[in-house]
Each structure stands twice: as structure tokens, then as C-alpha cells.
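For reference, the structure is listed below as C-alpha cells.
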Amino acid sequence: MVAKITYKDLSLQAYEVLREEIITGKLKPGEKLVQEKLAERLGLSRMPLHKAFQMLQDEMLVEAKPRRGFYVREQSKKSLLDAFLCREVLDGLAARTLAQNTAHKSIAKDLKKIFQVFLEQENINEKAYRKADEVFHNTLVELSENQMLIRMNNMGQFLRQSYVFGLVRPPQETLEEHLAIIQAIEDGNAERAEQEIKNHARKSIDTI
């Protein structure tokens with residue numbers, strides 16, 4: 001049973017619910033988003049729902065077809081590849097910037113907390129790890145305090161597009177890579193931090 005949305009910003013709440021359903025596959029690629037049914041299921045009017053559709057369209061998760069309505073976008077392997085290529089560049093610059101920050105040790109400590117819970121797990125929950133992975137990459141960009149980099153990341157939504165396919169590689173494989181990136185930032189080694197994250201992205205690209 002889906003909980004009714006009662007929060008103040010209904011559009012944002014609807015967007016978050018629908019985005020998660022697209023990423024997890026509950027809403028299938030090519031599926032039409034029927035406003036009446038979704039409005040009833042989520043307990044809101046069509047206006048905030050329409051705005052949520054537009055937000056998802058901006059992220060290239062939904063597409064509008066003339067006189068037909070909104071549909072879940074069918075992502076190709078090329079779009080996934082393009083997303084990872086952009087992430088490689090943006091995240092690499094962000095990691096380099098953080099390693100050069102005078103507070104790099106404190107930053108690394110905060111980044112480690114994102115993955116701390118998984119260090120003691122033998123069988124890592126993929127859904128929880130995916131969310132942590134997303135938080136990690138977005139946090140890298142946000143903490144860089146490079147407004148142009150942040151804007152480019154938000155504009156392209158490269159990270160979110162890549163999650164439509166789920167995790168490209170298992171958590172057990174990428175967790176060590178994330179920790180290596182964080183260690184390079186903690187050490188204040190800008191070149192290594194950038195290279196570690198590029199290697200991380202490149203391994204995912206090679207898997208596609």
C-alpha cells in the first residue's frame with residue numbers, strides 16, 4: 001500500500017516517489033504515466049503531478065509525446081555510456097578540488113561515514129548501497145563549492161540517468177574503489193584522487 005503524500009511541497013514529493021519507481025523499475029521504460037491513476041494513487045491533484053513530470057523530464061527520465069502525454073523514457077546503452085563519461089570528468093575535477101582543500105581530512109571523514117554501515121556487512125543491500133553511492137557522488141560535487149561544476153552536474157543529471165540501469169557493478173567491487181578515492185582525498189593527493197575516480201568510472205564504462 002502506497003502512503004498518501006501530505007507534505008507541503010507536493011510536486012517535489014511526487015517527483016521523489018516517481019523517480020524512485022523509475023529507477024527501481026516499478027515504472028517500466030516506455031510505460032505511459034497516466035495522470036488520473038497516479039494522482040489517485042499518490043493522493044494529490046493533477047497540477048503538482050504535472051510539475052513532477054516536468055522535473056523528471058528535465059532529468060531525461062521522462063519524455064513528453066505530443067498529444068499523447070508523458071512516458072517513462074527508454075534509456076539506451078549509449079545514454080548510459082554518455083552519462084558515465086560525463087561523470088568521469090565532473091567527479092574527477094571534484095575529487096581533485098577536495099584533495100586540495102585545507103579541510104581535506106575533515107571532508108574525507110564525512111565521506112567515509114556514507115559507507116561506514118557497509119564495511120561490516122557480508123551481504124550488502126544493493127538498494128541501500130545505490131542510494132549511498134548517489135549521495136557520495138553528489139556530495140563530492142557539492143563540497144567542491146565550484147558553482148559551475150555544481151550547475152553542470154544538476155543540469156545534466158548524469159548521475160541519475162546512470163542509475164536507471166541500476167548498479168553496473170556489485171557493491172563488493174566498488175566499495176573498495178570508493179574508499180580508495182576517499183583515502184586519496186584524506187592524504188591531500190589531488191592527482192591520485194582524480195585518477196582513482198577516473199579509474200572507478202572507467203571500470204564501469206568497460207562493463208557496459
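What follows is calculated from the coordinates using simple rules that are stated; it is not laboratory data. Note that the structure is predicted; figures quoted are calculated from it, not measured. For neighbour counting, all protein chains shown are included, and Cβ atoms are generated from backbone atoms with ideal geometry for every residue, glycine included.
General observations
- Mean residue ellipticity (222 nm) of the chain, computed from DSSP H runs ≥ 4 via -39,500 (n - 2.57), nearest 500: -21500 deg cm²/dmol
- A full extension of the chain between residue 120 and residue 41 corresponds to an added length of 24.6 nm, given 0.36 nm per residue minus the alpha carbon distance.
- Full extension of the chain between residue 172 and residue 148 gives 5.3 nm of extra length, using 0.36 nm per residue less the Cα-Cα distance.
- Of the residues 50, 137, 178, the one that moves most in a GNM of the chain with alpha-carbon contacts below 10 Å is 50.
- Basic side chains Lys and Arg get +1 at the Cβ, acidic Asp and Glu get -1 at the Cβ, and with that the dipole of the stretch 10-72 about its Cα centre reaches some 300 debye.
- When you restrict to C-alpha pairs under 8 Å that are six or more residues apart and normalise by the size of the chain, the relative contact order lands at 27 percent.
- Answer label for Rg and Dmax of the Cα atoms in Å (calculated), chosen among (i) 26.3, 90; (ii) 18.3, 56; (iii) 23.5, 72: (ii)
- Given +1 at the Cβ of Lys and Arg, -1 at the Cβ of Asp and Glu and no other charges, the dipole of the chain around its Cα centre is 980 debye to the nearest 20.
- Potential lengthening between residue 63 and residue 131 on full extension [0.36 nm per residue; Cα-Cα distance subtracted]: 22.1 nm
- Given 32/78; 105/131; 37/113, the pairs whose alpha carbons are separated by over 31 Å: 37/113
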